Amino acid sequence: MNPISYLRFMPRWVIFFIDLFLTGNALVLAYLLRYNFKTELIDGNDFTRGVSYGLIVYGVCFLAFRSYAGIIRHTNTQDAVRIWLTSTIAALLLYVSNTATEHFYPPFLLMPASVIIINYFTVFLLLSGYRLLIKEIFAYAPRFASKKENVVIFGAGDLGLTTLRVITQERLHPWRVVAFVDDNPKKAQKKLDGIDIFPTHQLPQLIKRYQARQVIMAVQDLSMKRRGEVIDLSLENGAKASAVPSVKEWLNGTFQVHQIQNIKIEDLLEREPIQLDDEEIGRQIRNKRILVTGAAGSIGSEIVRQLARYSPHVLILVDQAESPLNDLGLQLREEFDGLSFRTFIGSVTDKLRMEYIFENFSPDLVYHAAAFKHVPMMEDHPREAVINNVMGTKVIADLSVQYGVDKFVMVSTDKAVNPTNIMGASKRLAEMYTQSYSKSLAAQPDAKNKTRFITTRFGNVLGSNGSVIPRFKAQIEKGGPVTVTHPDITRYFMTISEACQLVLEASAMGKGGEIFVFDMGKSVRIADMARKMIVLAGLEPDRDIEIKFTGLRPGEKLYEEVLSAVEPTRPTYNPKIMIAETREYDFEIVQEYTLSLIESAMFESDWKTVRWMKRMIPEFVSNNSKFERLDAQLKSERAVLTERLNIPQQNIPQQ
């Protein structure tokens, strides 16, 4: 252990003896000063008696006032006051005892009064001085122990200047600001506090010239698009990116360098905030009884949190995962004082359990987010996918109609479009059931209950359970490799919050039977995302962390679609939400085939179950899966079913 590290963990008894040692030196110095360093004038017995007695008095005072107990590297004014108080009390005790001795045993003296006074000042200076010295050593040591890291600040305005000064004054952060870059061309070729300002397009050259390892974003009102462009420019040239927090996040209104936040991959994929029709959403939710299935999952729990903002009468939260559901309940109690909610452990496939909930709470709205969602897992367990995703949806949909639910909102996925895997196909079957059910009810003028079924369809959400980003983070922390299935694989992403906001908006505008698709932005190459995450971690792809391509997993697509080629869309008042003009099916036939499919899933083999799924979804063509061989076998059977369901022949993929 080096000396600095030893000082960091120095025990208190060591500090006590250092203080005592310095006090002894102060007493010796006081005698020398009193006699002008003429040692021949100092009586040896008087000197020994005076120093010994002084050490005893100061030692007792150190113990009484615990002046040695402070952490030296964090010495502050309070510690200095404690040392001054201890020295003062010790000096007074010496003076009083010295006066008493002289009075009762004249002309005997413990020590000269002038020595007491000189020692008082000397002790205080020595004890305070060495503490401050060690504090400064700890403050400056990092600057000499490691090489300074060059950084560039984006934004040559007031916030950029504040950032520069905070970094300059903060000695614990070994950063050196070498340049400013700014989008305002009028600032180029000027200086800010002695640092040159360059146009932003020169950032790549500046990173290389100064070997800058970090670009700090110091602009508050930057658009999401421009922010992403600058961050991408930094990452592509091997520099990490970080950002100064907004003013409202500063501690006690003061900006400190440790508040500069590293940019995360989620920040790069964020888009401009969504403008919601809060009035309409509030009208739909306020004072309503709302059931949320899959409430403890990534999407379900965020839907619950957003619903809670609109003061529902009661939230009924259903999930089969005990611990996450318990955690959600604890969070709601902390975050939403006065919120009325009930939690129920149960599966959506358990009709008796679900009917108990419907019968006792009579929900006005249902948000159905319960589903098995992992593609490779469902490829190995197709019967379980059908039972949970199809049968579970059927149970909740049927009970919604039976108990007069106003709206049933189902969370679907872009994997339901031209499905190539079991999971996507199971969600497409759930869409078909609810959509055809809604059309059937609407066509019945004398129907008692007219539950409106609404489907929302979107892609991957950032940070959800089992998603690619947490997995990449864990792999980077372990030192790699980061595993990507294919160099060209792409996916659509949106934040959980954004996805759930759009779910609420779509449910508010839905009239029944619609499949709403969300504007997912641009698709992202997963390999590019992996490289950016490695750079954001301060490492270099393929040198520090290997990117390993493992091959497509069973049922996995190279790219996802939110619409099929034969599904046009029509706009809504929200530009981020569109309505897919999907094919319509006869509910009686869909119901008949759904019951047959569920029966197969419960009592027959995986192969027979998947055969039923492919019969019902002509566009379901397996990819990289053991079930591919069924596609050729089912060509003739599909033709018969297609005719019965009135599906145009040109919509069936050709094997």
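The rows are residues; the columns are (1) within 18 Å of THR48 (Cα to Cα); (2) buried (at least 20 other Cβ atoms within 10 Å of the Cβ); (3) not charged (D, E, K, R).
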| position | (1), (2), (3) |
| --- | --- |
| THR86 | no, yes, yes |
| ILE89 | no, no, yes |
| LEU93 | no, no, yes |
| ALA100 | no, no, yes |
| TYR105 | no, no, yes |
| LEU110 | yes, yes, yes |
| SER114 | yes, no, yes |
| ILE118 | yes, no, yes |
| PHE124 | no, no, yes |
Tally of residues being closer than 16 Å to ILE545 by Cα and basic (Lys, Arg) across region 454-503: 3
Qualifying residue in region 485-493 (condition: among the aliphatic types (A, V, I, L, M) and at pLDDT below 85): no
Pair list, Cβ < 7 Å and 6+ apart or interchain, from region 626-637 residues that are more than 21 Å from MET377 (Cα to Cα) to residues that are modelled with pLDDT under 80 and loosely packed, with under 14 Cβ neighbours inside 10 Å: ALA632/GLN655; LYS635/GLN655
Test: residue in region 585-607 that is outside any helix (DSSP H, G or I), touching a Ser or Thr at 6+ places or on another chain (Cβ under 9 Å) and farther than 14 Å from ASN421 by Cα: yes
Only listed residue being closer than 19 Å to GLY510 by Cβ, touching a Pro at 6+ places or on another chain (Cβ under 8 Å) and of a type outside the set (Gly, Ala, Ser), chosen from VAL401, VAL405: VAL405
Residues satisfying the stated conditions in region 14-52, i.e. in a loop (DSSP other than H, G, I, E, B) and either on the phi > 0 side of the Ramachandran plot or exposed (fewer than 14 other Cβ atoms within 10 Å of the Cβ) (or both): ASN36, PHE37, LYS38, ASP43
Enumeration of residues in region 585-638 that are of a type in the set (S, T, N, Q), over 42 Å from the mean Cα position of the chain (by Cα) and loosely packed, with under 13 Cβ neighbours inside 10 Å: GLN633, SER636
Given (1) acidic (Asp, Glu); (2) in a loop (DSSP other than H, G, I, E, B); (3) over 30 Å from VAL524 (Cα atoms), number of the condition ASP221 does not satisfy: (3)
Enumeration of residues in region 404-415 that are within 19 Å of GLY300 (Cα to Cα) and either of a type in the set (Asp, Glu) or in a helix (DSSP H, G or I) (or both): ASP414, LYS415
Qualifying residue in region 81-92 (condition: touching a Phe, Trp or Tyr at 6+ places or on another chain (Cβ under 9 Å) and either modelled with pLDDT under 80 or assigned to a loop (DSSP other than H, G, I, E, B) (or both)): no
Residues being in contact with a helix residue (DSSP H, G or I) (Cβ under 9 Å, 6 or more places away or on another chain) and part of a helix (DSSP H, G or I) - total across region 53-72: 13
Candidate set: region 227-277, residues that are hydroxyl-bearing (Ser, Thr, Tyr) and modelled with pLDDT of 85 or more; chosen: the one surrounded by the most Cβ atoms within 10 Å (Cβ to Cβ): SER234
Selection status of VAL375, of a type in the set (Val, Ile, Thr), assigned by TED's automatic domain parsing to the domain that holds ASN460 and at pLDDT below 95: yes
Search result, residues across region 416-446 that are buried (at least 23 other Cβ atoms within 10 Å of the Cβ), among the hydrophobic types (A, V, I, L, M, F, W, C) and in a helix (DSSP H, G or I): ALA416, ILE422, MET423, ALA425, LEU429, ALA430, MET432
Condition check for ASP414: within 30 Å of LYS288 (Cβ to Cβ) and without any contact (Cβ under 8 Å) to a residue 24 or more places away in the chain: no
Every residue from region 520-557 that is under 30 Å from GLU584 (Cα atoms) and under 23 Å from the mean Cα position of the chain (by Cα): MET520, GLY521, LYS522, SER523
Identity of the residue in region 371-401, among the basic types (Lys, Arg) and part of a helix (DSSP H, G or I), that ends up surrounded by the fewest Cβ atoms within 10 Å (Cβ to Cβ): ARG383
For SER464: the one exception among (1) of a type in the set (Gly, Ala, Ser); (2) at pLDDT 95 or above; (3) within 23 Å of the chain's Cα centre (by Cα): (2)
Residues satisfying the stated conditions in region 42-64, i.e. closer than 18 Å to PHE121 by Cβ and either at pLDDT 85 or above or not small (Gly, Ala, Ser) (or both): VAL51, LEU55, VAL57, TYR58, CYS61, PHE62
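The values are calculated or read from the model by the stated rules, or taken from the named source; none is laboratory data. Bear in mind the structure is a predicted one, so any value in this text is a computation, not a measurement. Neighbour counts are summed over all protein chains in view; Cβ atoms, including those assigned to glycine, are modelled from backbone coordinates with ideal geometry.
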